[in-house]
Amino acid sequence: MHSPSPRSPADLPIRRLSREDLVACADLCEDRGWPRDEHRWGLLLAAGTGYGIDAPDGKGLAATCMLTLYGPQLAAVGMLLVAGRHGRQGLARRLMRQVMEDVGDTPLALYATEQGQPLYEKIGFFPVGRAERVGGHFRADGTGGSPASPHASPVTTRPAEAADLQAMVRLDLPVFGIDRTHLLARLPAFADRLQVAEEDGELVGYAALWPSGHSHVIGPLVARDTDTAQALVTALAATTDRPLRADADARHGELLSWLADRGLEPLARTTVMTYGIPDLPGDATRRFAPLSVATG
């Protein structure tokens, strides 16, 4: 008798992922040349819904996609990954179609790589912005090219306390445009450092520092203005010897110039895309960087 031929991944069912899949998800990241990011996967699987297609040979996952739901107003898509050996078999499109079917009329947002953007355009997404990934060892003094505004009042920052969470949520709501308490409440445990900026006892910004591979990522970065964002970055950078990384909104050119002056060079670019809404909700002038491109 002939043994049955292996099934094609295109014939395999899409299933929900759980924390038991964390290592397999990290393996898939490694397969694609990304950091394993098990720490981030833990957050995504806890706060969102994971979709996966098992490899037909039983060795790990052939493809994944994460969905972070913010209620009926918005859901973010991320971590759409296909193992190299299973590429060009329509798996990414299958996963996206399943996600879109599941969310119904809920608008979607995502950060697209150059390689992924054509697929998203074909299924109805369109570009609304751009994010610049920068990284490197932060130099606090810079090279003198892009100082903070000499007329700005000093910004006070300090480590966040448990009592700050409600104020962070209030500050975040008009900036992100939708309540994301379920995600922000996980920040204290997820981040190595959580910093807030305040003036006259009122929070005017916050930022988190979390580990990714051999680097630390700054995100989210929410601030009333560029000077406040710079103060938060400077405070967080002082707590680590690792290289820093951030996905800064490209509209914040002053911050990007300041970061470049302090050693954070361009690494990659992603396109912010939406489906079902003309733009992201909230206030982009105060939204400097997302928690992660995978969470919107």
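A few points about this structure:
- Sole exception among (1) in a loop (DSSP other than H, G, I, E, B); (2) open to solvent by less than 20 Å² (accessible area, probe 1.4 Å); (3) closer than 26 Å to G71 by Cβ for D247, by number: (1)
- Restricting region 263-280 to residues that are open to solvent by 20 Å² or more (accessible area, probe 1.4 Å) and either more than 16 Å from the chain's Cα centre (by Cα) or of a type in the set (D, E) (or both) leaves a set whose member that is farthest from A76 (Cα to Cα) is E265.
- Among residues of region 50-82 being aliphatic (A, V, I, L, M) and closer than 13 Å to I178 by Cα, the one that is most open to solvent (accessible area, probe 1.4 Å) is L69.
- Annotation: of all residues in region 152-178 being in contact with a helix residue (DSSP H, G or I) (Cβ under 6 Å, 6 or more places away or on another chain) and assigned to a loop (DSSP other than H, G, I, E, B), the one that is surrounded by the most Cβ atoms within 10 Å (Cβ to Cβ) is V155.
- Looking across L110, L45, one residue alone is surrounded by 15 or more Cβ atoms within 10 Å (Cβ to Cβ), at pLDDT 95 or above and either in a helix (DSSP H, G or I) or in contact with a Ser or Thr (Cβ under 7 Å, 6 or more places away or on another chain) (or both). It is L45.
- Scanning region 133-145 for residues that are touching a helix residue (DSSP H, G or I) at 6+ places or on another chain (Cβ under 6 Å) and either open to solvent by less than 30 Å² (accessible area, probe 1.4 Å) or at pLDDT 95 or above (or both) yields V134, F138, G142.
- Residues of region 199-226 that turn out to be open to solvent by 50 Å² or more (accessible area, probe 1.4 Å) and either of a type in the set (F, W, Y) or within 20 Å of T285 (Cβ to Cβ) (or both), as a count: 4
- Single residue of Q89, Q73 found to be outside any strand (DSSP E or B) and modelled with pLDDT of 95 or more: Q73
The values are calculated or read from the model by the stated rules, or taken from the named source; none is laboratory data. On a predicted model such as this, the values are computed, not experimentally measured, just so you know. Cβ coordinates were reconstructed from backbone atoms using ideal geometry, including for glycine residues, and neighbour counts include every protein chain displayed. Side chains are part of the model used for accessible areas, which takes the heavy atoms of the whole protein and leaves out ligands, DNA and RNA. Shrake-Rupley method; radii C 1.70, N 1.55, O 1.52, S 1.80 Å.
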